[in-house]
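One structure coming up, written as structure tokens, with questions to follow.
The values are calculated or read from the model by the stated rules, or taken from the named source; none is laboratory data. Please read all numbers here as calculations on a predicted model, not as lab measurements. Here the Cβ positions follow ideal geometry from the backbone for every residue, glycine too, while neighbour counts run over all protein chains shown. Ligands, DNA and RNA are excluded from the accessible area calculation, which covers all protein heavy atoms including side chains. Shrake-Rupley method; radii C 1.70, N 1.55, O 1.52, S 1.80 Å.
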Amino acid sequence: MKVDGKEMRPIWLNNDNPLEVLVIDQRMLPHELVIVALKGVDDTLDAIREMFVRGAPLIGATGAWGVYLACINAPGGQITDVWLQGEAERLKSSRPTAVNLAWAVDRMMACLASVQGDVHRVRAARKEAELIADEEAENCRQIGVFGVSLIEEISRRKQGETVNILTHCNAGWLACVDYGTATAPIYEAFNRGIDVHVWVDETRPLNQGARLTAWELGKHGVAHTVIADNAGGHLMQHGQVDLVITGTDRTTWTGDVANKIGTYLKALAARDNGIPFWVALPSSTFDWEMDDGVKEIPIEVRNPDEIRYVQGQVAGKTVQVLVPPASSACENHAFDVTPARLVTGFITERGLCAASREGVLGLFPEKGKEAPCN
Ligand code: MRU
């Protein structure tokens, strides 16, 4: 996507120095656009844990580039299987909820398993990481192409009046490699001239909606309004939301959706108000093993300081301010799980489907799960 007329992705290999992977430091947006170089696995771990990079598909792509950086930094230039496996495990454990991380690192390892020789391994790792990033970008583009039909239909029904879409967190190009998941159909609709407006949940505690989604949509010219996290239900009750689209960090093949904390409450409010609640995801975000998302998906608990302090700008300087009493306990659950029964359907790179075993397997029959008995 474009930033001030310049094509940008949130991660790329430094063309001038292929020993570095460059990322946008998303902690500094929207007020500063800072690019940071990752030079090894430790840098990569830090970038994932501290959320310079975040969002499920981007965490996956970063993990893939992390394996490349592991290869070029192998001790003595020797990329042994044992050492590489250790680095892969470190990368996979850096954030627990988004399944894309393990998916991408495992794919890199499977690719390297069949390649012998240090030089060949470096070359193969670079090629595979580039492929993963490009494929994820293309998957998101396809999500846009399939998902736009939902917006077109509402626009037709409203005879061209504004279609109001609510989204939570940032499931935009910053969270992916390009286009975004939840935002891809919105960008596609905007590009086709459909009148769209986005309600952007601020998404406490780290404000990915207010900081990142608002920034992205603004750069593309999409009309949007930032709202307090708790405003969605009220807007739905008053006919001001036509459609909810969110992304996800891990979705079970049975249809349960883990996403940024607060998503579940939006799904409940949408159901109560008869508003369609769609989840957009590339196939790398499906977990093909877990059956029960509420019981099984690991939910990351992050540093309580993210609740305690809010970041913003004062007189051109980025500052953190303390909100609750310094002595109050805080707890920071980063994700929640929306059960399949509350999800209208999925928007994937292969098309739309119901949020059910049958729906998901209908699009991905090669996953070879047995058809349910009832
Ligand atoms: O903690 P974050 O910012 O990594 O959480 C991101 C989200 O919850 C996104 O909604 C999700 O990864 C979908 S990204 C296309």
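Evaluate the following for R357: is it open to solvent by 80 Å² or more (accessible area, probe 1.4 Å), in the same structural domain as N170 (by TED's automatic domain parsing) and in contact with a Pro (Cβ under 6 Å, 6 or more places away or on another chain)?
Details: open to solvent by 80 Å² or more (accessible area, probe 1.4 Å): yes; in the same structural domain as N170 (by TED's automatic domain parsing): yes; in contact with a Pro (Cβ under 6 Å, 6 or more places away or on another chain): yes.
Yes.
Suppose the filter is out of contact with any Cys (no Cβ under 8 Å at 6 or more places or on another chain) and either in the same structural domain as E289 (by TED's automatic domain parsing) or within 23 Å of V148 (Cα to Cα) (or both); does T251 pass it?
Working: out of contact with any Cys (no Cβ under 8 Å at 6 or more places or on another chain): yes; either in the same structural domain as E289 (by TED's automatic domain parsing) or within 23 Å of V148 (Cα to Cα) (or both): yes.
Answer is yes for this residue.
Are any residues in segment 63-87 crowded, with 21+ Cβ neighbours inside 10 Å and either over 18 Å from L19 (Cα atoms) or not hydrophobic (A, V, I, L, M, F, W, C) (or both), and if so, which ones?
Kept after step one, since they are crowded, with 21+ Cβ neighbours inside 10 Å, are these residues of segment 63-87: 63-71, 79, 87.
Those that are crowded, with 21+ Cβ neighbours inside 10 Å and either over 18 Å from L19 (Cα atoms) or not hydrophobic (A, V, I, L, M, F, W, C) (or both): G63, G66, Y68, E87.
Still on this structure, please answer the following. Would you confirm whether or not segment 340-354 contains a residue that is open to solvent by less than 60 Å² (accessible area, probe 1.4 Å) and in contact with an Asp or Glu (Cβ under 8 Å, 6 or more places away or on another chain)? Break it down stepwise before answering.
The initial filter retains those residues of segment 340-354 that are open to solvent by less than 60 Å² (accessible area, probe 1.4 Å), namely 340, 342-343, 345-349, 351, 353-354.
With the extra rule that they be in contact with an Asp or Glu (Cβ under 8 Å, 6 or more places away or on another chain), the set shrinks to 340, 349.
Yes, there is a match, as at least one residue in segment 340-354 is open to solvent by less than 60 Å² (accessible area, probe 1.4 Å) and in contact with an Asp or Glu (Cβ under 8 Å, 6 or more places away or on another chain).
A further question follows. Within segment 17-31, how many residues are among the aliphatic types (A, V, I, L, M), touching a residue at least 60 places away in the same chain (Cβ under 8 Å) and open to solvent by less than 40 Å² (accessible area, probe 1.4 Å)?
Taking segment 17-31 and keeping what is among the aliphatic types (A, V, I, L, M), we get 19, 21-24, 28-29.
Then drop every residue that is not touching a residue at least 60 places away in the same chain (Cβ under 8 Å), which leaves 24, 28-29.
With the extra rule that they be open to solvent by less than 40 Å² (accessible area, probe 1.4 Å), the set shrinks to 24, 29.
Number of matching residues: 2.
Every residue in segment 114-154 that is open to solvent by less than 70 Å² (accessible area, probe 1.4 Å), without any contact (Cβ under 8 Å) to a residue 60 or more places away in the chain and in a helix (DSSP H, G or I), please.
D118, R121, V122, A124, A125, G144, V145, V148, E152
Something else now. Please go through segment 111-158 and give me each residue that is of a type in the set (D, E) and closer than 26 Å to G172 by Cα, ordered by number. Working first, answer last.
Within segment 111-158, the subset of a type in the set (D, E) is 118, 128, 130, 134-136, 138, 152-153.
Residues satisfying the conditions are E128, E130, D134, E135, E136, E138, E152, E153.
Considering every residue within segment 280-299, establish whether at least one is more than 28 Å from L166 (Cβ to Cβ) and within 16 Å of the ligand (Cβ to nearest atom).
No, there is no match, as no residue in segment 280-299 is more than 28 Å from L166 (Cβ to Cβ) and within 16 Å of the ligand (Cβ to nearest atom).
In the list A102, A98, which residue meets the criterion of being part of a helix (DSSP H, G or I) and open to solvent by less than 50 Å² (accessible area, probe 1.4 Å)?
Values: A98 fails: part of a helix (DSSP H, G or I).
The unique qualifying residue is A102.
Something else now. Could you please find all residues in segment 84-101 being without any contact (Cβ under 8 Å) to a residue 12 or more places away in the chain and not acidic (D, E)?
Passing the criteria: G86, S93.
Determine which member of the set D201, D178, D195 is more than 16 Å from the ligand (Cβ to nearest atom), touching a helix residue (DSSP H, G or I) at 6+ places or on another chain (Cβ under 8 Å) and touching a residue at least 12 places away in the same chain (Cβ under 8 Å).
Working: D201 fails: more than 16 Å from the ligand (Cβ to nearest atom); D178 fails: more than 16 Å from the ligand (Cβ to nearest atom).
Checking each option against the conditions leaves just D195.
Among the listed residues V3, V53, V41, identify the single one that is open to solvent by less than 40 Å² (accessible area, probe 1.4 Å), within 16 Å of the ligand (Cβ to nearest atom) and not small (G, A, S).
Details: V3 fails: within 16 Å of the ligand (Cβ to nearest atom); V41 fails: within 16 Å of the ligand (Cβ to nearest atom).
On inspection, the qualifying residue turns out to be V53.
Would segment 342-352 turn up any residue that is among the small types (G, A, S), touching a residue at least 40 places away in the same chain (Cβ under 8 Å) and within 16 Å of the ligand (Cβ to nearest atom)?
Taking segment 342-352 and keeping what is among the small types (G, A, S), we get 345, 351.
Subset that is touching a residue at least 40 places away in the same chain (Cβ under 8 Å): 345, 351.
Next, only the ones that are within 16 Å of the ligand (Cβ to nearest atom) stay: none.
No: zero hits.
Restricting to segment 241-261, and then to whatever is more than 22 Å from V196 (Cβ to Cβ) and open to solvent by 10 Å² or more (accessible area, probe 1.4 Å), can you tell me which residue is nearest to the ligand (Cβ to nearest atom)? Talk me through it step by step, then tell me what you get.
First pass over segment 241-261, keeping only residues more than 22 Å from V196 (Cβ to Cβ): 249-258, 261.
Filter once more, so that each one left must be open to solvent by 10 Å² or more (accessible area, probe 1.4 Å): 249-250, 253-254, 256, 261.
On the way: D249: 4, R250: 9, W253: 18, T254: 19, D256: 15, I261: 8 Å.
So, considering only residues that are more than 22 Å from V196 (Cβ to Cβ) and open to solvent by 10 Å² or more (accessible area, probe 1.4 Å), the one nearest to the ligand (Cβ to nearest atom) is D249.
Separate question: Could you pull out the residue among R308, R271 that is basic (K, R), modelled with pLDDT of 95 or more and open to solvent by less than 70 Å² (accessible area, probe 1.4 Å)?
On the way: R271 fails: open to solvent by less than 70 Å² (accessible area, probe 1.4 Å).
Sole residue among the options that is basic (K, R), modelled with pLDDT of 95 or more and open to solvent by less than 70 Å² (accessible area, probe 1.4 Å): R308.
Related question: Taking into account only those residues within segment 128-150 that are among the aliphatic types (A, V, I, L, M) and in contact with an Asp or Glu (Cβ under 8 Å, 6 or more places away or on another chain), which is nearest to the ligand (Cβ to nearest atom)? Can you show your working first?
Applying the first criterion (among the aliphatic types (A, V, I, L, M)) to segment 128-150 yields 129, 131-133, 137, 143, 145, 148, 150.
Among the residues that remain, those that are also in contact with an Asp or Glu (Cβ under 8 Å, 6 or more places away or on another chain) are: 137, 143, 145, 148.
Working: A137: 12, I143: 9, V145: 16, V148: 17 Å.
Restricting to residues being among the aliphatic types (A, V, I, L, M) and in contact with an Asp or Glu (Cβ under 8 Å, 6 or more places away or on another chain), the top hit is I143.
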